[in-house]
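Each reported figure results from applying straightforward, stated rules to the coordinates on display, with no laboratory input. Here the structure is a predicted model, which is why all the values come from computation and not from measurement. Please note: Cβ atoms are built from the backbone with ideal geometry, for glycine as well, and neighbour counts cover all protein chains shown.
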Amino acid sequence: MRSFLFIPGDSPRKLEKGIGSGADALLLDLEDSISPQNKAQARDITLAFLKETVPVKTRPRLFVRINGFATGLTDADLDAVVAGRPDGIMFPKAEGGAAVTHCDAKITAREAIHGLPDGTLDMIAIATETAQAIFLAGTYGGSSKRLKGLTWGAEDLSVELGAEANRDRDGNFLAPYQLARSLCLAGAAAAQVQAIDTVYVDFRNDAGLRRECEEARRDGFTGKMAIHPAQVAAINEVFTPTPEAIQRAQAVVAAFAADPTAGTIGIGGVMYDRPHLERARQLLARVKIGG
């Protein structure tokens, strides 16, 4: 998955519009975009949308962002939406692998209640939204078989840190958030799950979005969250391997396959070693599963 589009769970119109956005996954939000008085209504609307949309074959993947443990709303969210059989749950304000294991147990109980096989729902965790979470970014490995991705956030973290801003005047992340980004990337690699970059909030700044996508792809992220449908096309384009990159990866894999004992291979005057082979395999795997 390359693009993950947030949609408020209390807006039937926006939910319906999201289906045609081109996003690989929709993040049906019960958390930050929903006011306290609209939480119950958002659950009902989201469940109705899931029941209508999940059976459709040509649709994006559907994840529901629930409310975090500290809110006391997690159980009510899961009670409502697991019945709709979403593809997964986005777990916000995750604080390490132990919290993911705890959330996994809650999901497992609801799967059993609704007659779903264990592990039906996947999970994506947001790994940097609290100060405590920063210190636990390397603990997600082995925490849950349903964990498929880690992402990070700067908005909630900046509130917790008491910061005046999380970006400089040029739109670049300041040092504390660069650290959070790096820890998320490393944590995802350590847990062997997808690394997903955070949102770009200036949704009318196409050049800034593209730059941030390209930097994220360069560093190892394989997808990015979006807050507006207009951002989806650029995200998909940047995180889709180019024909040239695919051809180069195929050449590396083929060269090592032809000489399995080789430690290095020369192709077109460029030397490739075993880490390049693994990188090529990862790229081709993403292409095989659709990005």
Step through the residues of region 75-88 one at a time and calculate ³J(HN,Hα) from phi using the Karplus curve (6.51 cos²θ - 1.76 cosθ + 1.60, θ = phi - 60°), rounding each to whole Hz and writing x for Gly and Pro.
-> 5, 5, 4, 5, 4, 7, 9, 4, 4, x, 6, x, 6, x
Non-local residues with an amide H under 5 Å from the amide H of LYS224, with H modelled 1.01 Å from N and Pro and chain starts lacking one, are SER3, PHE4, ASP197
Take ILE113, ILE34, ILE246 and order them by how many other Cβ atoms sit within 10 Å, fewest up front.
-> ILE113, ILE246, ILE34
Among the GluC sites (Glu not before Pro) within region 141-214, which fall in a DSSP loop and have no more than 11 other Cβ atoms within 10 Å of their own Cβ?
-> GLU164
Hydrodynamic radius by Kirkwood, which averages 1/r over all alpha carbon pairs of region 128-193, in angstrom = 12.4
Which label marks the calculated value of Kirkwood radius over Cα pairs in Å, given the options [x] 21.0; [y] 19.9; [z] 19.2?
-> [y]
Region 243-288: mean projected area of Cα convex hull, nm² | 3.0
Here region 260-277 yields Karplus 3J(HN,Hα) values (6.51, -1.76, 1.60; θ = phi - 60°; whole Hz; Gly and Pro given as x) of x, 8, 6, x, 9, 9, x, 9, x, x, 10, 8, 10, 10, 4, x, 5, 4
Under 5 Å, built H, 5+ apart or other chain: amide partners of GLU129 | LYS93, ALA94, GLY153
Could you pull out every residue, at least 5 positions away or on a different chain, whose amide H is within less than 5 Å of the one on LEU147? Hs are placed 1.01 Å off N in the peptide plane, and Pro or chain starts have none.
-> MET123
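In region 126-220, which trypsin sites (Lys or Arg not before Pro) are in a loop and have at most 16 other Cβ atoms within 10 Å, using DSSP for the loop call?
Working: sites: LYS145, ARG146, LYS148, ARG167, ARG169, ARG181, ARG204, ARG210, ARG211, ARG217, ARG218; in loops: LYS145, ARG146, ARG169, ARG204.
Filter output for region 126-220: LYS145, ARG169, ARG204.
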